[in-house]
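The values are calculated or read from the model by the stated rules, or taken from the named source; none is laboratory data. Quick caveat, the model's predicted, so the values are computed rather than measured. Cβ coordinates were reconstructed from backbone atoms using ideal geometry, including for glycine residues, and neighbour counts include every protein chain displayed.
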Amino acid sequence: MRKAKRVAWILLLCTPLIVLASCGTTNVGTTTGSEGKNESITTRLDLTADGEGSFIIKNESKKETILTSSSGQQIEFQLLNEAKEIMYTYSANKMFMQGIVEKSLQPGEEWIIPLNLQTELAGVPAGTYKLVVWSTANGLNDLKIETTYKWAGATTEAPKKLVVENQEVIYIGQQDLHSIEVENLEGTTEAIRLSEVAIPFFEGLEKGKHIIVEYVVENEQKVIQSARIVE
């Protein structure tokens, strides 16, 4: 009988220890704050009196930050009416280069990305909307900026939809950051402009490579949207 009582007391003494041990394990690794939040990066939206705007990403840390995206798309934005219906989505009528794209930001450096709202919203009726803008870089999707946006409507005729064409060329070299020189299959050389999303493809590209370029014609000049090496 005494032995049974001694076992009972031992079990009662051990029970609080078991409970405390369980609580400690549950709390290991607990984090606070919203998932994906990046304290070293801030974003802001600058709108001008004429209705144009820019999305700015700033590296607030004391070391280099690399922003990584899964495509050439740098930002996304939407325009919503009072009923919260989406009236316009930036990426809806565009093609972007596929593949990992990286952007380096030094400490304190800002990356200014123009929204080109006068052109992008040309087909949207005038009115007061909610403008929502965010970066497509990994980990920055939660840093959305929302603001009331008064759209005066297009002042000129809506631009015609750009047609994406492709062409096989031989890469000669880069003239500057936004243009390259190529030779077409007929042996004629020409300069072609680069869109922002196409620039990374040509960094370090070997001269003489046969490539397929996808481009649109803007103001009678070819502008490359994406490119790939001919296998």
Query raised in the report: If you take the residues of the stretch 72-99 that are surrounded by 14 or more Cβ atoms within 10 Å (Cβ to Cβ) and of a type in the set (Gly, Ala, Ser), which of them is modelled with the lowest pLDDT?
Result: 72
Requested in this report: Determine which member of the set 175, 225 is within 24 Å of the chain's Cα centre (by Cα) and either buried (at least 17 other Cβ atoms within 10 Å of the Cβ) or not assigned by TED's automatic domain parsing to the domain that holds residue 101 (or both).
Outcome: 225
Query - Residue that is among the hydroxyl-bearing types (Ser, Thr, Tyr) and either touching a Pro at 6+ places or on another chain (Cβ under 6 Å) or in contact (Cβ under 8 Å) with a residue 12 or more places away in the chain (or both), where the choices are 188, 128 - result: 128
Query raised in the report: Given the structure, is residue 173 of a type outside the set (A, V, I, L, M) and either closer than 20 Å to residue 55 by Cα or in a loop (DSSP other than H, G, I, E, B) (or both)?
Result: no
Report task. Would you tally the residues in the stretch 94-118 being in a loop (DSSP other than H, G, I, E, B) and among the aliphatic types (A, V, I, L, M)? Result -> 3
Requested in this report: Go through the residues of the stretch 88-104 one by one and say whether even a single one is under 17 Å from residue 44 (Cβ atoms) and touching a residue at least 60 places away in the same chain (Cβ under 8 Å).
Outcome: no
Query raised in the report: Out of (1) surrounded by 12 or more Cβ atoms within 10 Å (Cβ to Cβ); (2) under 14 Å from the mean Cα position of the chain (by Cα); (3) closer than 24 Å to residue 202 by Cα, what's the single condition that is false for residue 102?
Result: (1)
**Report entry** Search result, residues across the stretch 55-75 that are touching a Lys or Arg at 6+ places or on another chain (Cβ under 9 Å), in contact (Cβ under 8 Å) with a residue 60 or more places away in the chain and not β-branched (Val, Ile, Thr)
**Finding:** 55, 67, 69, 73, 74
**Report entry** Among residues of the stretch 154-163, those that are surrounded by 12 or more Cβ atoms within 10 Å (Cβ to Cβ) and either small (Gly, Ala, Ser) or modelled with pLDDT of 85 or more (or both), counted
**Finding:** 1
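Out of the residues in the stretch 119-148 that are assigned to a loop (DSSP other than H, G, I, E, B) and of a type in the set (Val, Ile, Thr), state the one that is nearest to residue 76 (Cα to Cα). Walk me through it before giving the result.
First pass over the stretch 119-148, keeping only residues assigned to a loop (DSSP other than H, G, I, E, B): 121-126, 136-144.
Restricting the remaining residues to those that are of a type in the set (Val, Ile, Thr) gives 124, 136.
Details: 124: 17, 136: 7 Å.
Applying the filter and picking the extreme gives 136.
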Requested in this report: Of the conditions (1) closer than 30 Å to residue 61 by Cβ; (2) in contact with a strand residue (DSSP E or B) (Cβ under 8 Å, 6 or more places away or on another chain), residue 130 clears all except one; give me its number.
Outcome: (1)
Requested in this report: Report yes if some residue within the stretch 186-203 is part of a strand (DSSP E or B) and in contact with an Asp or Glu (Cβ under 7 Å, 6 or more places away or on another chain); otherwise report no.
Outcome: yes
Report task. Just give me the residues in the stretch 97-135 being under 25 Å from residue 225 (Cβ atoms) and among the polar types (S, T, N, Q), in sequence order. Result -> 98, 104, 116, 118, 119, 135
